[in-house]
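Undergrad: Supplied in structure tokens, the structure appears directly below.
The values are calculated or read from the model by the stated rules, or taken from the named source; none is laboratory data. Keep in mind that what you see is a predicted model, and the values were worked out from it rather than measured. Note: ideal-geometry Cβ built from the backbone for every residue, glycine included; neighbour counts use all protein chains shown. SASA here: full protein model, heavy atoms, side chains in, ligands and nucleic acids out. Shrake-Rupley method; radii C 1.70, N 1.55, O 1.52, S 1.80 Å.
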Amino acid sequence: MLSESKPSPAVEDLPAVEVDGLAVSYRASVAGKQTLKNTLVRMGRRQKSTQLIQALRGISFEVPKGSLMGVIGANGAGKSTLLRAVAGILPPSEGTVTVRGRTTTLLATGVGFNPQLTGRENITLGGLAIGLTRAQIEGQLEEVVEFASIGRFIDMPTKVYSSGMFGRLAFSVAVHMSPEILLVDEALSAGDAAFREKASAKMQELISQAQAIMLVSHGMSTITELATHTLWLHKGRVMGYGDPAEVVQEYTKFVKAGHAAAVWEEI
Amino acid sequence: MSLGADSGAKVHVYKPLRRGMPPLGQYARDTMDRMPFAWAKAKSDLRAQHLDTALGQLWTVLNPLLLGLVYALLISIFIGRELDLVTLTRVLGGLFAFYFTRGVISGAASVVVRSGAAIMNSSFPRIALPISNLMMATLTFLPSLAVYAIFHLAAGFPVGWSTLWAFPLIIIMGVTNFGIGLLFSTATVFFRDVASFLPYLLRIWMYLTPVLFRMDDIPDRYQAILRANPLTAVFAAWGEVLFDGRVPSGEFVAWAVISALVSLLLGVWVFITKERSFAVRI
């Protein structure tokens, strides 16, 4: 959606993701709860009920196939917004985002479409929503359940799941739906140490299969271990881009100097 | 689950939208691709709706049936009409149809907000959500039609070729409801309290629509008020088909079609030009 699809050219050598001059801005409510009452009260007081949030400005980078790009930055830097722009969830206000291949996202541990439905039903709905066929979804389901280690819970309503089960299942779904480009936001924090190890190994496997991954993380060791290159964002702008060890070092110095304490709003 | 993916190895180029409007051809194709999703969600939601109740899906018919009894009783008390099968059947004919309207509009008002996790995580045309709700409301309405048919025959109301007009009228009703539902769906994302006052608004709306009365019952000086209501014409035509056993008047049909098209175009335009904001407003 929100895209122009065209026939794939010879795309083998082209980057999986190309972002050129990306800016994302939107109007957000400043009226506390988003209600008609609050809006009318603010109008009566001649106060604005929304403000323009410039979440990303002038962002340009590429993610080659077979690479993992780590995205780092303080809360409110625009990391999640960037992943949503690449996924096509938030259209750009300026610039272009070119994505070559099937994207799979793991952006926030949601509860699927209906907590009354089973994990199996929610996975099917989620897959159908993003355009997969029932056969494609069912073909992967057993592997998804096994990887997530949730056993018989897959046929129970998701309202009884623990947050750890949600996280494991969400990660498992994302990595098993044949992603060509995987967009992950802090998912490695899901589950215990054993699952994190398994998740990390699975991501290495995807990279070796020439798939591209964008990983948002606050864990600097995760970034230096997994990333082939790193993007550092601060207040919606690029502060560093390149070798993970160097970018992480610069970022750590920046944080120690106290700059990151002045965080923007959580995006 | 927080899963998202596009449908194949295509190249997607995301660019700024002109006045919030996505490329309509691509949007329509993407929406058509999501019809299996909308249908599956409609069936799942219907199943989950009364999962915790002893009578389950039976409530989808019992609710309007019991309410119909209450209204028929009130009519017999206040208007002095005899509480008989004919009165009850007239009430049920209108009430079952308005329950369809209510289901489409109130369901659309909440379906986007309730799907927050999916909207935050996945890229798909958001209009698939209210479409799924329209399907669910239709699945709920169909069994109540069967129940109504029994009352219709038992009360001795006419059945003939003109009765077949009920089906195009249901489609016109569905289109009008869907268009109005899209407006409320968008409004609820921006103003959450819309969902709180909507039940009262719908109740008042029902009293301003020929559901429990006929257009002939209303004095001429109030007819203009009723005619400003986009649901009036289709419900007036519905009454003519069911209770008079005749082809609906051309004026009502034309007026109902115009109301349906205006509601649909306005609803779709507002919804898809605002859906970009949904991910940051939910």
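Undergrad: Could you list the residues of segment A:64-82 with an amide nitrogen less than 12 Å from a label point located 7 Å from the Cα of A:His218 in the Cα-to-C-beta direction?
TA: It comes to A:73-77, nothing else.
Undergrad: Follow-up question, since we're still on this one. Given a 1.4 Å probe, how much area per residue of the protein assembly as shown is accessible, in Å²?
TA: Working: 23440 Å² over 549 residues.
Accessible area per residue, the protein assembly as shown: 43 Å².
Undergrad: Report the residue, chosen from B:Arg81, B:Arg34, B:Arg102, that carries the largest GNM mean-square fluctuation when chain B is represented by alpha-carbon nodes joined by springs under 10 Å.
TA: B:Arg81
Undergrad: Starting from 0.36 nm per residue, how many nanometres of slack lie between B:Arg18 and B:Leu58 once their C-alpha separation is accounted for? Intermediate values should be presented prior to the final figure.
TA: Details: separation 40, 0.36 × 40 = 14.40 nm, distance 4.72 nm.
Gain on extension, B:Arg18 to B:Leu58, equals 9.7 nm.
Undergrad: At 7 Å along Cα-to-Cβ for each site, give me the label-to-label distance between A:Ala245 and A:Thr133 in nm.
TA: Calculated label separation equals 4.8 nm.
Undergrad: Can you figure out the FRET efficiency of B:Arg214 with A:Leu52, using R₀ = 56 Å and their beta-carbon distance, to the nearest 0.05?
TA: Result of the calculation: an efficiency of 0.60.
Undergrad: Helix B:59-78: angle to the longest alpha-carbon principal axis of chain B, degrees 0 to 90, nearest 10?
TA: 40 degrees
Undergrad: So, one more: What per residue convex hull volume, in Å³, comes out for segment A:94-233 when only alpha-carbon positions are used? Write down the numbers at each step before the final one.
TA: On the way: hull volume 17.9 nm³, N = 140.
Given the Cα convex hull of segment A:94-233, per-residue volume reads 128 Å³.
Undergrad: Under unit Cβ charges (Lys, Arg +1; Asp, Glu -1), what dipole magnitude, rounded to 20 debye, does chain A have relative to its Cα centre?
TA: Values: 26 positive and 25 negative charges, 322 e Å.
Using only the charged Cβ atoms, the result is roughly 1540 debye.
Undergrad: Quick check: pseudo-label points 7 Å beyond the Cα along Cα→Cβ at B:Gln223 and B:Ile282, how many nm apart are they?
TA: 4.6 nm
Undergrad: Something else now. Rounded to the nearest 0.05, what FRET efficiency is calculated for B:Arg47 and B:Asp193 with R0 set to 25 Å and r the Cβ-Cβ distance? Can you show the working numbers first?
TA: Working: r = 30 Å, r/R0 = 1.19.
My answer for the efficiency is 0.25.
Undergrad: Going 7 Å from the Cα of B:Ile204 in the Cα-to-Cβ direction, what parts of segment B:232-274 have a backbone nitrogen less than 20 Å from that spot?
TA: Of the residues in segment B:232-274, B:232-233 have backbone N under 20 Å from the label point off B:Ile204.
Undergrad: Here's a follow-up. If you wrap a convex hull around the Cα atoms of segment B:140-198, how much volume per residue is inside, in Å³?
TA: On the way: hull volume 6.1 nm³, N = 59.
Cα-based convex hull of segment B:140-198, divided per residue, equals 103 Å³.
Undergrad: While we're here: Roughly speaking, to the nearest percent, how much of segment A:13-68's 1.4 Å accessible area is carbon and sulfur?
TA: Working: 1460 of 3040 Å².
C and S atoms contribute 48 percent here.
Undergrad: If you consider only alpha-carbon coordinates, what radius of gyration and Dmax does chain B have, in Å?
TA: 20.3, 69
Undergrad: Per 0.36 nm of contour for each residue apart, how much would the distance between A:Ala193 and A:Leu40 grow if the chain were fully extended, relative to their Cα-Cα spacing? Intermediate values should be presented prior to the final figure.
TA: Details: separation 153, 0.36 × 153 = 55.08 nm, distance 5.01 nm.
Extending this stretch completely gives an extra 50.1 nm.
Undergrad: Please work out the C-alpha center-to-center distance from segment B:153-218 to segment B:222-236 and express it in whole Å.
TA: 11 Å
Undergrad: Peptide A:120-126: average number of partner chain Cβ atoms within 10 Å per residue? Walk me through the numbers before you get to the answer.
TA: Numbers: counts 0, 6, 5, 2, 6, 10, 11.
Taking the mean over all residues of the peptide, I get 6.
Undergrad: While we're looking at this one, here's another question. Could I have the simple spin-label model distance between A:Arg152 and B:Thr163, label points 7 Å from Cα toward Cβ, reported in nm to one decimal?
TA: Distance between the two pseudo-spin positions: 5.1 nm.
Undergrad: Please give the contour-minus-distance gain from B:Trp269 to B:Trp39: 0.36 nm per residue of separation, less the Cα-Cα distance, rounded to one decimal in nm.
TA: Details: separation 230, 0.36 × 230 = 82.80 nm, distance 2.28 nm.
Computed gain between B:Trp269 and B:Trp39 is 80.5 nm.
Undergrad: Right, another one. Summing -39500 (n - 2.57) over the DSSP H runs of n ≥ 4 in the protein assembly as shown and dividing by its residue number, what mean residue ellipticity at 222 nm do you reach, to the nearest 500 deg cm²/dmol?
TA: On the way: 20 runs with 287 residues, N = 549.
One gets -17000 deg cm²/dmol as the mean residue ellipticity at 222 nm.
Undergrad: Follow-up question, since we're still on this one. Nearest 100 Å² is fine: how much accessible area is buried between B and A, summed over both sides, with a 1.4 Å probe? All intermediate terms of the calculation are to be shown ahead of the outcome.
TA: On the way: alone 15080 and 14080 Å², together 23440 Å².
In total, this chain pair buries about 5700 Å².
Undergrad: For the protein assembly as shown, treating each Cα as an identical point scatterer without solvent, what Debye log10 I(q)/I(0) comes out at q = 0.11, 0.12 1/Å?
TA: Listed by q, the Debye log ratios stand at -1.00, -1.13.
Undergrad: Hey, what's the per residue convex hull volume over the C-alpha atoms of segment B:135-282, in cubic angstrom? Walk me through the numbers on the way to the answer.
TA: Values: hull volume 18.6 nm³, N = 148.
So the per-residue Cα hull volume is 126 Å³.
Undergrad: Quick one: which of A:Lys159/A:Lys202; A:Lys48/B:Lys10; A:Lys33/A:Lys79 span more than 31 angstrom between C-alpha atoms? It would help to have the intermediate numbers written out before the result.
TA: Values: A:Lys159/A:Lys202 27 Å; A:Lys48/B:Lys10 42 Å; A:Lys33/A:Lys79 25 Å.
Beyond 31 Å between Cα atoms: A:Lys48/B:Lys10.
Undergrad: Which whole number gives the average count of other chain Cβ atoms within 10 Å of the Cβ atoms across peptide B:17-26? It would help to have the intermediate numbers written out before the result.
TA: Values: counts 4, 0, 0, 1, 0, 5, 5, 0, 1, 5.
Taking the mean over all residues of the peptide, I get 2.
Undergrad: Then there is this: Shielding of A:90-97 by partners, i.e. mean partner chain Cβ atoms within 10 Å per residue?
TA: Numbers: counts 7, 10, 4, 3, 2, 3, 4, 4.
Average per residue, whole number: 5.
Undergrad: Turning to a different aspect of this structure: Please compute one quarter of the surface area of the Cα convex hull for segment B:126-169 and express it in square nanometres.
TA: Details: hull surface 14.5 nm².
Value for segment B:126-169: 3.6 nm².
Undergrad: Here is a further query. Ignoring ligands, DNA and RNA, please state the percent of accessible area on segment B:138-185 from carbon and sulfur, probe 1.4 Å.
TA: On the way: 1800 of 2110 Å².
Within segment B:138-185, the accessible surface is 86 percent carbon and sulfur.
Undergrad: Can you list the equivalent-ellipsoid semi-axes of segment B:164-238, largest first and in whole Å, using the square root of 5 times each Cα gyration tensor eigenvalue? Walk me through the numbers before you get to the answer.
TA: Values: eigenvalues 121, 58, 17 Å².
The answer is 25, 17, 9 Å, longest axis first.
Undergrad: Same structure, new question: Largest first and to the nearest Å, give the Cα extent of chain A along each principal axis.
TA: That gives 56, 47, 43 Å along the principal axes, largest extent first.
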